[in-house]
Amino acid sequence: MNRNWTNRKIIVRFTILCWLGVLCLANVSFALDTEVTSQPLVYEGKSGIGAGKHIVFLAGDHEYRSEETLPALARMLAINHGFKCTVLFTVDPKTGEIDPAADNLPGTEVLKDADLAVIFLRFKNLPNEQMQPIVDYLDRAGPIVGLRTSTHAFKIPTGLRFSKYDYQYKGDEYKRGFGRQVLGESWSGHYGKNHVMATRLDVPEKAKTHPIMTGVNKPWAQSGGYWTVPVEGSEVLAFAQPLENMSPDSNPAKDKAPCPGVWVRKYTSQDGHKEGRVFTTTYGASEDLLDDDFRRMMINACLWSVGMETNITNTLNIDFVGGYQPATYQFGGHRRGVKPAELADIEVSIMPADKAIVVPERKKKKKNK
């Protein structure tokens, strides 16, 4: 009797342990499923002037569709010109889907061997392990191409490890953060209303001979303007003139004189022994890339920044690779349900038209802010 009771207790305990083991495994599986890893999108150039060079693109802004602009540029530079191009997106950590608003940019460790970083971020506060490779790249003065909202790429609360990169950082040693110290300007406000005023980019006479402006005649942007006063030592390549409406041939907007919209400069490595080239434009929304002159300027800028200005000609191929059908830029206006791997096939359009755009009502009200 006692022996049977003892055996029953052993069986019961064993059963409980087995169920606990199953539950533990289920919890591990659930934990893995709730944080999906996202592999970088890589376009390998087979031949061309960029062979042997690696460009890394960082996409993640809330409004201007960097998730469309940057992979389109990457495809052109890889397929048309031979560069290896890696595109990193901010993604939802649970689904792995591209989420422009997410503070999650996996894969930044690839910057370790990058020859150029093309940055189109806005208000990011990334985990330390994702931010550190970006800081390491800046510390070695790696070349930078910065677009639109990258003047305010980072919004990092005071007291955190990388708070000095915040666009409003007040310390004199790195005043106004990454935007001002590296790109040459931080966020200083809109200057021309989005979706109402387009922007003409006027190239001054002395800038027409700069390699970046080779073959560039009358660039214009569908996005509205930003007010800028770049740091001393910046060379302005185009002045941004807000227009009365969305036509490139419309008159200048009243009471809006031009201000710098495209410039180049250099910044210094942490040890002070190296200078890195920087190209900055306060434009670059995905619809801006439809303009041939703007697109050529961007391709030229990438070549110049990485030290390949002798390879720039006015006949460089600037054709899109695969379909390109950018969404109208707006807050919350990205195509839902797209994972980076879906763009690996160069025949797949950027972005796939069958993916829905679902703009929350509260975002629609803030569209032009």
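Each value in this text was obtained by applying a stated rule to the coordinates, not by laboratory testing. Here the structure is a predicted model, which means the values were calculated and not measured. Note: ideal-geometry Cβ built from the backbone for every residue, glycine included; neighbour counts use all protein chains shown.
Things to note:
- GNM result for the chain, Cα springs below 10 Å: residue of 323, 225, 50 fluctuating most strongly: 323
- For the stretch 333-361 versus the stretch 92-155, the inter-centroid distance based on Cα atoms is 21 Å.
- Using C-alpha pairs below 8 Å separated by at least 6 residues, the relative contact order for the stretch 104-149 is 55 percent.
- Subtracting the Cα-Cα distance of residue 311 and residue 255 from 0.36 nm times their residue separation leaves 16.1 nm of extension gain.
- FRET efficiency, 1/(1 + (r/R0)^6) with R0 45 Å, evaluated for residue 218 and residue 355 via beta carbons: 0.85
- Exposed-site-free run, longest, the chain (rule: GluC sites (Glu not before Pro); DSSP loop; at most 15 other C-beta within 10 Å): 36-231
- Most mobile listed residue (104, 300, 311) in the chain, GNM with C-alpha springs under 10 Å: 311
- Rounded to whole Hz, the Karplus (6.51, -1.76, 1.60) HN-Hα couplings of the stretch 130-141, x for glycine and proline: 8, 6, 4, x, 5, 5, 4, 5, 5, 4, 8, 6
- Members of 46/355; 112/164; 84/206; 164/355; 53/164; 170/274 lying beyond 28 Å, as alpha-carbon distances in this model show: 46/355; 84/206; 164/355; 53/164
- A simple spin-label model places pseudo-atoms 7 Å from Cα toward Cβ; at residue 47 and residue 139 they are separated by 4.1 nm.
- Counted over the chain, the DSSP beta bridges are approximately 55% antiparallel.
- Over every Cα atom in the chain, the radius of gyration and the widest Cα-Cα span, Dmax, amount to 23.8, 104 Å.
- Shape of the stretch 165-305, Cα gyration tensor, a/c cut at 1.5: oblate
- Of 199, 228, 95, the one that fluctuates the most in a GNM where the chain has Cα springs shorter than 10 Å: 95
- Across the chain, the mean sequence separation of Cα contacts (distance under 8 Å, 6 or more residues apart), normalised by length, yields a relative contact order of 16 percent.
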